[in-house]
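The values are calculated or read from the model by the stated rules, or taken from the named source; none is laboratory data. All values derive from a computational prediction rather than experimental measurement. With ideal geometry, Cβ positions are generated from the backbone for all residues, glycine too; neighbour counts draw on all protein chains shown.
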Amino acid sequence: MERLQGRKGEGVWKSLDWWTILIYVALLAFGWISICGASYDFELAGNIFSFDSRSGMQLVWIGTSFVLGFVLLMLDDRIYDTFAYIIYGIFLILLFITPFFARDIKGSLSWIKIGSFSIQFAEFAKCATALALAKYMSVYGYSMSRMREALMTCAIIFVPIILIILQKETGSALVYLAFFLVLYREGMPGSILFAGISAVTYFVVGVRYADVPMWHIPMSVGQFIVLLLIFLFTLGLLRVYCGKTDKALKLITIYGIGSIVITFCFAYWVIPFDVTWVLLVLSLFIVGYLCYLALRDRVTNYFYIAMFTLVSLSFSYAVEPVLNEVLQPHQRVRIHVLLGLEDDPSGAGYNVNQAKIAIGSGGLMGKGFLNGTQTKLKYVPEQDTDFIFCTVGEEEGFWGASLVLLLFLALILRLIYLAERQPYAFGRIYGYAVMSVFLFHLFINVGMVLGLTPVIGIPLPFFSYGGSSLWGFTLLLFIFLRIDAARNLSKRY
Amino acid sequence: MKSYELEKRKYVIGAMAIGIVLLFIIRLFSLQIMSDDYKENADSNAFLKKVQYPSRGIITDRNGNLLVYNSPAYDIMVVMSEVSALDTLDFCETLGITKEFFDRRMSEIKDRRRNLGYSRFTQQLFMSQLSPEEFSVFHEKQFRYPGFYSQRRSVRQYETSYAAHVLGDIGEVSPLDVKNDDYYQNGDLIGKQGVERAYEKQLRGEKGVQVLLRDARGRIKGHYLEGKLDRKAVPGKNLTLGLDLKLQALGERLMEGKLGSIVAIEPATGEILCMVSAPTYDPRMMVGRQRGENHLLLSKNPLKPLLNRSIMGQYPPGSTFKTSQALTFLQEGVIKPHTLYPCHGGFLHRGFRLGCHAHASPIPLVPSIATSCNAYFCWGLYYMFGNRNKYESVQVAMNKWRDYMVNMGFGYKLGVDLPGERRGMIPNAQYYDKAYRGAWNAVTVVSISIGQGEVSATPLQIANLAATIANRGYFITPHIVKQIQNEPLDSIYTHRRYTGVDSLYYESIVSGMRQAILSGTCRSGNIPGVEICGKTGTAQNRGQDHSAFIGFAPKDNPQIAIAVYVENGGWGADYGVPLGALMIEQYLNGELSPESEEKARVYQNRHIRYGTTAR
């Protein structure tokens, strides 16, 4: 018996993916350096290891994360498959009761105080949801094309989302949408992913830039970009589904782009007027033309594309009235906060601007460890949590920041590789779920700091200060590493 | 081969990740290398966010008399990184502080555990609320102290020494306030008690901010983006209270040397005309840097002057409660106004005895109120709780009774717009089931019918009872603030709350209370020319009885409803009635007649001796 266990332990270390561990440790090291930079105080010089400082505390979190990782590797990999639903259920209950016990921290009801520590279950529930999803979708005979199973799959994802929204942590809730990338890998039609991404893009761009005028032309930048996107998406779809040589594609490309450019130039140099009307008419015309083609040539693809364009148009025009008329004021405020419109009444993006200044000041080589001034002067809000990437940009410069991004990319690509080599669907799906969560966090967090995505307060994995998030990500990653390490023990009993 | 098709999707997902990272790197490149704007911004310019404090709203009484206003004060701020070559002794002398204080304060500022937002490069509060005189000395020499700045603030000033409990005070925010509300920063002021706390959001206004640019040496270079990000401070809203300053002043005079409370309400609107809690203190003690010291002193006083007894004191309402009983019995059909009950020295039932004073027997309702007959109300409760035709058990009857009390404003917080209100106590059937393990009946609990036993209420609730009688059947939630500048009152302060007793039945109670003034227990409260209605209360407790009174006037179209409660004051007629009558006279006539003035002086100087034990 003892020998068997010994061999099993050996097996884990042997088949463990050390590349991922290497990247993990490298990211943690970079992360700790950034925390030092962000929370460093000139007064406490040389005291970065003190437990009074955030950098010291972060060391504690990192140390405990290593212990957690080690323990996870020592556990049997099959417990996750076996207990996936139970773990998921427990976390749903925890998420449900959290708002009743949570202390209100700046409007968020997600922190539970246990002893002297505060803990956020939402960070761990990601892992539980990924397990449940993997378990459900890996059942033999599962097919997403059956309504019942598709609905169950969505339910597994959306129940925690709703519970977390009830804790007023909309940002953390949105992370779960990343699991749709997993669904895509497992067979969800690509058009659904495309439609979803388009809808989010229309919404974010449309609302965020609704009231920004385009130079002297009296029209909203948001509306213009959204209509332009719809036009371009239509062209793209025609190209993909009807072939490069399609006649309608050529016609629409030439006349469409031509008319847009001409009217835009006319509005810019001659008489300023609202160009969006031209775009709207043009799009409606395309819809009509495609419908006509669909009837004439009996090509249903034309019809589907026309429908896409029409639905996109109605969606983009419905956003504003729904936001202003249907939603309650407090719901509207929440959406505006999410898009960074509310914190920032001047609209110029003070916070994001500060972040950009901090990053921009880093230059090619950066100012060096602990030498950043912008972040230390507390010009950047949340500089050691959500806006931590500022410090990387300022102190490590372009090279350092790019290196960090490439490390993340390497981690994500490695995870895809690992997921694909799993012999069982459970491991693969879980692996993709882990990858999706990391990708989503990276995309939103760094995008927000760089002023590319809305300001949604979610942490940057391994960088942002805090025990809950670090443990959450470690848990997510090491469970997968443990499952991966067992891939060769294919003889299951 | 479907699975193989799907496996290809890994390339799509991988490409997505690569695309995102590539996009970010391009963006980084354009921010960090292509453009010099940001670098210059950061190198030469740093921002200084200068907070513009709004003036806090002022508070006046119902007649426009100023109660609370602002006067200028100055905070001394320090930027640690700029402090150099400071002549500490000279500095301390200028500010009138000791060297020890200076050292302690400097280390406190640097202590990150206490001062969470500390940065060497931003302004930190060194000393707050200097008076203009103190500040002028400092201002003359300020150029000698690099790194020290001043910030103009305003402090609260109280025009009079009255109504301390109602007005409350402001003080520095606690770390918890800062954590819970993004609006506050260390050193900000926040309402701590009374109206100042309840209407903090309206009074404080909205802080403004100037985003200034400064160069590497800290010199101000003008507004960032030509002031596009600046926000003007929005002044706080002014409040008009329902209080009548003269009435409040008289109330506080009369309550000198006593413990207790006087609350008066305008029945038609629910506005609180006066809210006296004795002992009281001078609100001017709670201003500026002395606040902490004085607050500590007051909180150590065994008579608890900081306690607003009007809403936090919970007393047995005594006989004033009998009015509510009569109304309940009438509405439930237990008695008619002409129903007679015997009283031979009290309520006697199978050996149980609850005493009463000598008067004619048997008597109907009106004289029973006028003479405050205990037995009448005990019999009422006895017959109500014992009526098995109407209520299936004593528990049902008890809870029915409880519903009436709650509808009259007892047992729960009324919802006055002041922090710290208590709810009083109205027992229900479950309470007695637990206390007596189910073995109880009307006789067991009969003392609740005369406002004793388990029943307790705040003086505000007792005054509110007087208001419901004055209104013949409804009340408007009592409130201190009559008007907020440019903002409507909360709708709960404009809506009528009905007691569930027909206005018809109230007339008997009103007659009884009028009778009490003319020939009953309240004779000493009769004022010629004013139709006062009143009811005494004498609440038994461990020591000397509490003296209570409720009343309203005039009888028709009442202008004022009042409750007086004097701890250990003896009979209701000893303090309650005369004090209540003086207050009513003051409010209705706007002044006291010479005789009444003399009487007021007598009561002002008649002090009750209380022990110094904690109460």
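Out of the helices (runs of 4 or more DSSP H) lying entirely within region A:125-222, which hold 3 or more residues that are among the aliphatic types (A, V, I, L, M)? Quick ask: steps written out before the conclusion?
Values: elements: A:147-166, A:170-174, A:179-185, A:190-208.
So the answer is A:147-166, A:179-185, A:190-208.
Consider only pairs whose beta carbons are under 9 Å apart and that are at least six residues apart or on different chains; among these, list those whose first residue lies in region A:47-75 and is over 18 Å from A:SER464 (Cα atoms) and whose second residue is modelled with pLDDT of 90 or more and β-branched (Val, Ile, Thr).
A:LEU68/A:THR474; A:GLY69/A:ILE21; A:GLY69/A:THR474; A:LEU72/A:THR474; A:LEU72/A:ILE479; A:LEU75/A:ILE479
Is at least one residue of region B:428-441 buried (at least 23 other Cβ atoms within 10 Å of the Cβ), assigned by TED's automatic domain parsing to the domain that holds B:GLY551 and not basic (Lys, Arg)? Show your work before the answer.
Let us first name the residues in region B:428-441 that are buried (at least 23 other Cβ atoms within 10 Å of the Cβ), namely none.
No, region B:428-441 contains no residue that is buried (at least 23 other Cβ atoms within 10 Å of the Cβ), assigned by TED's automatic domain parsing to the domain that holds B:GLY551 and not basic (Lys, Arg).
Output the number of residues of region A:85-125 satisfying the condition of being at pLDDT 85 or above, more than 24 Å from the chain's Cα centre (by Cα) and acidic (Asp, Glu).
So the answer is 0.
What number goes with the only condition from (1) buried (at least 17 other Cβ atoms within 10 Å of the Cβ); (2) under 25 Å from B:GLY420 (Cα atoms); (3) free of Cβ contacts under 8 Å to residues at least 60 places away in the same chain that B:VAL195 does not pass?
(3)
Just need a number here: residues in region A:398-414 that are among the hydroxyl-bearing types (Ser, Thr, Tyr) and either at positive phi or surrounded by fewer than 17 Cβ atoms within 10 Å (Cβ to Cβ) (or both).
First, the residues of region A:398-414 that are among the hydroxyl-bearing types (Ser, Thr, Tyr): A:402.
Filter once more, so that each one left must be either at positive phi or surrounded by fewer than 17 Cβ atoms within 10 Å (Cβ to Cβ) (or both): none.
Number satisfying all stated conditions: 0.
Which of the residues that make up region B:174-209 are more than 14 Å from chain A (Cβ to nearest Cβ) and part of a loop (DSSP other than H, G, I, E, B)? First the steps, then the outcome.
If we filter region B:174-209 for residues that are more than 14 Å from chain A (Cβ to nearest Cβ), which is where we start, we get B:174, B:187-205.
Passing the criteria: B:SER174, B:GLY187, B:ASP188, B:LYS192, B:GLN193, B:TYR199, B:GLY205.
Output the number of residues of region B:317-374 satisfying the condition of being within 22 Å of B:SER519 (Cβ to Cβ) and part of a loop (DSSP other than H, G, I, E, B).
So the count comes out to 19.
Go over the candidates B:GLY420, B:GLY409 one by one and state the one that is surrounded by fewer than 20 Cβ atoms within 10 Å (Cβ to Cβ), on the phi > 0 side of the Ramachandran plot and not in a helix (DSSP H, G or I). Before you say what the answer is, go through the steps one by one.
On the way: B:GLY409 fails: surrounded by fewer than 20 Cβ atoms within 10 Å (Cβ to Cβ).
On inspection, the qualifying residue turns out to be B:GLY420.
Keeping to region A:211-259, report how many residues are in contact (Cβ under 8 Å) with a residue 24 or more places away in the chain, over 18 Å from A:SER198 (Cβ atoms), crowded, with 17+ Cβ neighbours inside 10 Å and within 33 Å of the chain's Cα centre (by Cα).
So the count comes out to 3.
Looking at A:SER191, A:SER143, which is the one that is within 14 Å of chain B (Cβ to nearest Cβ), farther than 24 Å from A:LEU439 by Cα and surrounded by fewer than 15 Cβ atoms within 10 Å (Cβ to Cβ)? Walk me through it before giving the result.
Working: A:SER191 fails: farther than 24 Å from A:LEU439 by Cα.
Of A:SER191, A:SER143, the one residue that is within 14 Å of chain B (Cβ to nearest Cβ), farther than 24 Å from A:LEU439 by Cα and surrounded by fewer than 15 Cβ atoms within 10 Å (Cβ to Cβ) is A:SER143.
Quick one: what pairs do we get from region B:580-600, first residue part of a helix (DSSP H, G or I), second surrounded by 13 or more Cβ atoms within 10 Å (Cβ to Cβ) and of a type in the set (Phe, Trp, Tyr), C-beta under 9 Å, 6+ apart or different chains?
From region B:580-600, the pairs are B:GLY580/B:PHE549; B:ALA581/B:PHE549; B:LEU582/B:TYR603; B:ILE584/B:PHE552.
State yes or no: is A:TYR417 surrounded by fewer than 24 Cβ atoms within 10 Å (Cβ to Cβ), within 14 Å of chain B (Cβ to nearest Cβ), within 24 Å of A:LEU22 (Cβ to Cβ) and among the hydroxyl-bearing types (Ser, Thr, Tyr)? So that I can check it myself, show each step before the final result.
Values: surrounded by fewer than 24 Cβ atoms within 10 Å (Cβ to Cβ): yes; within 14 Å of chain B (Cβ to nearest Cβ): yes; within 24 Å of A:LEU22 (Cβ to Cβ): yes; among the hydroxyl-bearing types (Ser, Thr, Tyr): yes.
Yes: the conditions hold for A:TYR417.
Quick one: A:VAL437 ticks every box in (1) more than 10 Å from chain B (Cβ to nearest Cβ); (2) modelled with pLDDT of 85 or more; (3) closer than 18 Å to A:SER361 by Cβ bar one, so which box is it?
In the conditions (1) more than 10 Å from chain B (Cβ to nearest Cβ); (2) modelled with pLDDT of 85 or more; (3) closer than 18 Å to A:SER361 by Cβ, A:VAL437 misses (3) alone.
Looking at A:LEU460, A:LEU405, which is the one that is assigned to a helix (DSSP H, G or I) and modelled with pLDDT of 85 or more?
Numbers: A:LEU460 fails: assigned to a helix (DSSP H, G or I).
A:LEU405 is the lone residue from the list that is assigned to a helix (DSSP H, G or I) and modelled with pLDDT of 85 or more.
Applying the selection to region A:263-286, what residues are touching a residue at least 24 places away in the same chain (Cβ under 8 Å), in a helix (DSSP H, G or I) and not small (Gly, Ala, Ser)?
Here is the first cut: in region A:263-286, the ones touching a residue at least 24 places away in the same chain (Cβ under 8 Å) are A:267-268, A:272-276, A:279-280, A:282-284, A:286.
Next, only the ones that are in a helix (DSSP H, G or I) stay: A:267-268, A:276, A:279-280, A:282-284, A:286.
Listed by number, the residues that qualify are A:TYR268, A:THR276, A:LEU279, A:LEU280, A:LEU282, A:LEU284, A:ILE286.
For (1) touching a Gly at 6+ places or on another chain (Cβ under 7 Å); (2) crowded, with 19+ Cβ neighbours inside 10 Å, each residue gets a yes or a no:
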residue	(1), (2)
A:PRO99	no, no
A:ALA102	no, yes
A:SER108	no, yes
A:LYS113	no, no
A:SER118	no, no
A:LYS126	yes, yes
A:LYS135	no, yes
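Taking region B:98-123 as the search range and keeping residues that are loosely packed, with under 15 Cβ neighbours inside 10 Å and outside any helix (DSSP H, G or I), which one is modelled with the highest pLDDT?
Here the answer is B:THR98.
Please verify whether A:GLY393 is at pLDDT below 95, within 10 Å of another protein chain (Cβ to nearest Cβ) and assigned to a loop (DSSP other than H, G, I, E, B), treating the condition exactly as stated. Outline the logic, then answer.
Working: at pLDDT below 95: yes; within 10 Å of another protein chain (Cβ to nearest Cβ): yes; assigned to a loop (DSSP other than H, G, I, E, B): no.
When the stated conditions are applied, A:GLY393 does not pass them.
Of B:GLY191, B:GLY218, B:GLY205, which residue is at pLDDT below 85 and of a type in the set (Gly, Ala, Ser)? Break it down stepwise before answering.
Working: B:GLY191 fails: at pLDDT below 85; B:GLY205 fails: at pLDDT below 85.
After ruling out the rest, the residue left standing is B:GLY218.
For region B:516-557, which residues satisfy the criterion of being over 13 Å from B:GLU585 (Cα atoms) and of a type in the set (A, V, I, L, M)?
Hits for region B:516-557 are B:ALA516, B:ILE517, B:LEU518, B:ALA539, B:ALA548, B:ILE550.
Can you say whether A:GLY451 is in contact (Cβ under 8 Å) with a residue 12 or more places away in the chain, under 19 Å from B:GLN32 (Cα atoms), surrounded by fewer than 24 Cβ atoms within 10 Å (Cβ to Cβ) and in the same structural domain as A:VAL12 (by TED's automatic domain parsing), as far as the supplied structure shows?
Working: in contact (Cβ under 8 Å) with a residue 12 or more places away in the chain: yes; under 19 Å from B:GLN32 (Cα atoms): yes; surrounded by fewer than 24 Cβ atoms within 10 Å (Cβ to Cβ): yes; in the same structural domain as A:VAL12 (by TED's automatic domain parsing): yes.
Considered against the rule, which asks whether it is in contact (Cβ under 8 Å) with a residue 12 or more places away in the chain, under 19 Å from B:GLN32 (Cα atoms), surrounded by fewer than 24 Cβ atoms within 10 Å (Cβ to Cβ) and in the same structural domain as A:VAL12 (by TED's automatic domain parsing), A:GLY451 comes out as yes.
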